[in-house]
Amino acid sequence: MSAIANSIFSPEAAARFDKLATIYPVKRSALVPMLLYAQDEIGYVSEAAIQEIAKRLDLFDLDVRNVLSYYSMLRTKPAGKYNVQVCTNISCMLRGGYEILDHCKAKLGIGHKQVTADGQFSLEEVECIGACCWAPAMQVNYDFHDDLTTIKVDAILQDYAEGRGKDVK
Amino acid sequence: MPTFVSHPEEVIVLKKRWGQGAADIEKYLELDGYKAVQEAIAQGPEWIVSVMKASGLRGRGGAGFPTGMKWSFVPKVSEKPKYVLVNGDESEPGTCKDHVIFLEDPHSVIEGTMIAGLAIGSKLGFIYLRGEYRYLLKIVEKAVADAYAKGFLGKNIFGKEGVDFDIITQTGAGAYEVGEESALMESLEGKRGVPRIKPPFPAIVGLYGGPTVINNAETIASVPHILMMGGEAYAKLGTERNGGTRLFGISGHVERPGVYELPMGYSLRKAIYEVAGGIKGGKKLKAVVPGGSSCPVLTADEIDVGLDFDQMGKAGTMLGSGGIVVLDETVSIVEFALRVISFYQHESCGWCIPCREGTDWIKKTLGRVYAGGGTKKDVDNVQYLAENMMGRTFCPLGDAAAMPTLGFVKKFRKEFEDYIDGHKAGTPIMTEQQLVGAGH
């Protein structure tokens, strides 16, 4: 039985949240992980998710929103099913990160933080993702793709479009 | 997935188990894993700290503080619980070494965390990875679960009555600032990652107000190796006051980018020209950002310097996080400087005004220069702004933005001026909007 009646999350996620609220010396520490897992399940951090997480951690909704707005990976609006995040920071920039970004923009027909009409893809220009020695690099959701070329990007996007992409959760 | 590289010039300590499937606990045990922590339990805290002091290991996150000394600052007796916090929030542009440690040798981080816990008398450690490293969190989570199943974590570890140690793992959610130790503690407490004023230092008042040791993931991963080989033997691999080896991520315009393990004090020139195979496509070297993007740039004439904290300091820059970014002759320093400050402007948490306003105005000013509307006074203004950010913020992010900016405008002043003269009516390489990103 979940700690919260009528949880908006799946039974698996609700069980995970029950546990998360107990493992830290202070309950509130579970906030950032909970927001991430909530987003993984719903696609973004919805108003209902904010309210349930606040309840689970004995916080005000405002406390949750205050933290939510700080972290760049957390969003309050849906992204595409596959969120393409292209790094353009220095190591990637020197090896063609901007060409990769421009290629994705043209290929998907969307700009920074936009979603394709069918909701399949969204695009983001992101800061350093820690793949500097395998640049240029991007992430699709949590999955890394390194040593990119425009040809490689086409194949990767094709894979996701046809449901063959990895989807690390 | 990272591509592996090796070179005969490497001195292998940390990379010992890479490429052998050591994320699997059985393989790790076969390769002498979890022996150091058992020795640490047998010998006790004073022995651990003395070995660490003798090793000359200095913090691999960038500040280079001696690890043994840091551990010795934690009070022996404390009313509040003590904690070990592993900083795997690797975010400094140009740095990807912890990425490979978590992938290839997660147990070394776990074992190092336990040893740090034994040294300071803590029973709980946290391993905090950056949010983008979800697939690595899963690898670390599995490694922790396997260690629990073996009785290496939990109550009475290794069958020793009264010796308890637990580890909690989690990720952040995208914030460079959280790599700073006090902001990291705030984040772990479920708050916005804004820095705390120091003193008090974390060793006295840290996580949940308890004494806390915070070490970079690479620092922690080095610890079991040091206990196994002995502090003096490790120290001897490096230079005076800079013990051992470290991981250098060489990226940018080199033939063989990759994460290489080199002894402290190794020549920067050799690292670029021999280890990483020289400049890509036989082009000429223009500049090097030697330790992550916050380190002042070195020109092509300044690379005859040893890669340790002291020699790099003398050369007017920093060893930083070991991320060596190499720029060939085709790079526009104006464009590069704008990209660097755009990052810091994006990541400034806004808590300290000199950093929030300084990064924003430098970005705006350099953006104008880049777009072709700059004046020579703009370059003076950038320098003035950067100089006035230095040392005026709670955490080092303000300095991290100001230092490279000062390096660019001082060492490449002529390039900025020529750019301003030549681009008055010209077209920049990309539009400012393209480079800086709308609302990015």
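The values are calculated or read from the model by the stated rules, or taken from the named source; none is laboratory data. Quick caveat, the model's predicted, so the values are computed rather than measured. Methodologically, a virtual Cβ is constructed for each residue, glycine included, from the backbone with ideal geometry; neighbour enumeration extends over all protein chains shown. What goes into the accessible areas is simple: the full protein's heavy atoms, side chains included, and nothing from ligands, DNA or RNA. Shrake-Rupley method; radii C 1.70, N 1.55, O 1.52, S 1.80 Å.
Of the helices (runs of 4 or more DSSP H) lying entirely inside region A:40-117, the ones with 3 or more residues being of a type in the set (A, V, I, L, M, F, W, C) and under 24 Å from B:Val178 (Cα atoms) are found at A:47-56, A:61-68, A:90-94. Residue check: B:Ile48 meets all listed conditions (1) within 21 Å of B:Ile120 (Cβ to Cβ); (2) open to solvent by 40 Å² or more (accessible area, probe 1.4 Å); (3) under 26 Å from the mean Cα position of the chain (by Cα); (4) modelled with pLDDT of 95 or more but one, namely (2). For B:Ser187, indicate whether it is away from chain A (no Cβ under 13 Å), surrounded by 24 or more Cβ atoms within 10 Å (Cβ to Cβ) and either acidic (Asp, Glu) or under 21 Å from the mean Cα position of the chain (by Cα) (or both). So B:Ser187 fails the test. Filtering region A:42-53 for residues that are under 24 Å from B:Pro195 (Cβ atoms) and surrounded by fewer than 22 Cβ atoms within 10 Å (Cβ to Cβ) leaves an empty set.
For A:Glu99, the criteria (1) open to solvent by 10 Å² or more (accessible area, probe 1.4 Å); (2) facing chain B (nearest Cβ under 7 Å); (3) touching a helix residue (DSSP H, G or I) at 6+ places or on another chain (Cβ under 8 Å); (4) closer than 29 Å to B:Gly322 by Cα hold in every case but one, which is (2). For A:Ala21, the requirement of being assigned to a helix (DSSP H, G or I), more than 10 Å from chain B (Cβ to nearest Cβ) and of a type in the set (A, V, I, L, M, F, W, C) is met. Here region B:144-160 is the region considered, the condition is being within 14 Å of chain A (Cβ to nearest Cβ) and either of a type in the set (Ser, Thr, Tyr) or in contact with a helix residue (DSSP H, G or I) (Cβ under 8 Å, 6 or more places away or on another chain) (or both), and the residue that is most open to solvent (accessible area, probe 1.4 Å) is B:Tyr148.
Kindly evaluate B:Val163 against the criterion of being modelled with pLDDT of 95 or more and open to solvent by less than 10 Å² (accessible area, probe 1.4 Å). No; evaluated as a whole, the condition is false for this residue.
Looking across region B:165-184, just one residue is more than 7 Å from chain A (Cβ to nearest Cβ), over 21 Å from B:Ser348 (Cβ atoms) and aliphatic (A, V, I, L, M), and that is B:Ile167. Looking at (1) at pLDDT 95 or above; (2) more than 21 Å from A:Cys128 (Cα to Cα); (3) open to solvent by 30 Å² or more (accessible area, probe 1.4 Å), which one does B:Glu181 not meet, given that it meets all the others? Here B:Glu181 clears every test but (2).
If you check B:Val288, B:Val334, which single one turns out to be more than 11 Å from chain A (Cβ to nearest Cβ) and in a strand (DSSP E or B)?
Just a single option satisfies the conditions, and that option is B:Val288.
Counting only residues that are aliphatic (A, V, I, L, M), away from every other protein chain (no Cβ under 12 Å) and in a loop (DSSP other than H, G, I, E, B), region B:221-276 holds 2 of them.
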